[in-house]
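Worksheet for the structure shown next.
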Amino acid sequence: GHLDAVVSVAFSSTGDKLVTASTDTTARIWDTETGEGLFVLQGHGDEVIHATFSPDDRLVLTSSRDRTARLWHVGSGIVVATLDGHRGPVVSAAFNPDGEQIATASWDDTAMLWRLPVIAVDDWVQNARKRVPRELTVEERRLYVEN
């Protein structure tokens, strides 16, 4: 599914999903049982160097040559936060064991610690409504509220 080199891969804690990062500027979430691509995570402005799941498998964390790391909602593929502050490519990113902090490492000779943003279900629905200027369908509500 990627259009260029795949440079990172990680399993979810349950093994039912896989995330890949690519120099094509995307990451992708895959179903390991079927091989089906679930979501293409688009938004980075340069190569995605690393990707990993949060300890609870609700989020994917990516890092990129575009000097950012991003958090993505696994159940929808929507970016929920951009961690911006490095002056060079972000080459690695990781969650702490309880999933409440993130560490990022950059070629700018720094590492940064970030507190995980609090993301409420209502925020997901509001974000979806901003992107889709109409009432959500039953299926869309299930996707945003149940995941």
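The values are calculated or read from the model by the stated rules, or taken from the named source; none is laboratory data. Owing to the predicted nature of the structure, the values given are computational and were not obtained by experimental measurement. Cβ placement follows ideal geometry from the backbone for every residue including glycine, while neighbour counts extend to all protein chains displayed. Just so you know, the surface numbers come from the protein's heavy atoms only, side chains and all, with ligands and any DNA or RNA stripped out. Shrake-Rupley method; radii C 1.70, N 1.55, O 1.52, S 1.80 Å.
Below is a table of values for the structure above.
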| quantity | calculated |
| --- | --- |
| Candidates per trypsin sites (Lys or Arg not before Pro) in the stretch 1-94, loop by DSSP, up to 11 other Cβ within 10 Å | Arg87 |
| Rough spin-label spacing in nm, given labels placed 7 Å along Cα→Cβ, for Thr110 and Asp46 | 1.5 nm |
| ³J(HN,Hα) computed for each position of the stretch 95-105 - Karplus, 6.51 cos²θ - 1.76 cosθ + 1.60, integer Hz, glycine/proline x | 8, 6, x, 8, x, 9, 9, 10, 10, 10, 10 |
| Two-site label geometry, Val138 and Asp4: point separation in nm, points 7 Å out along Cα→Cβ | 4.3 nm |
| Separation in nanometres of the label points that stand 7 Å from Cα toward Cβ, at Thr23 and Asn96 | 3.5 nm |
| Environment charge at Thr26 (Cβ cut-off 15 Å; Lys +1, Arg +1, Asp -1, Glu -1) | -2 |
| Nearest-20 debye value, the stretch 55-117 charge dipole, Cβ charges on Lys, Arg, Asp, Glu | 180 debye |
| The stretch 1-106 - accessible surface per residue (Å², probe 1.4 Å) | 43 Å² |
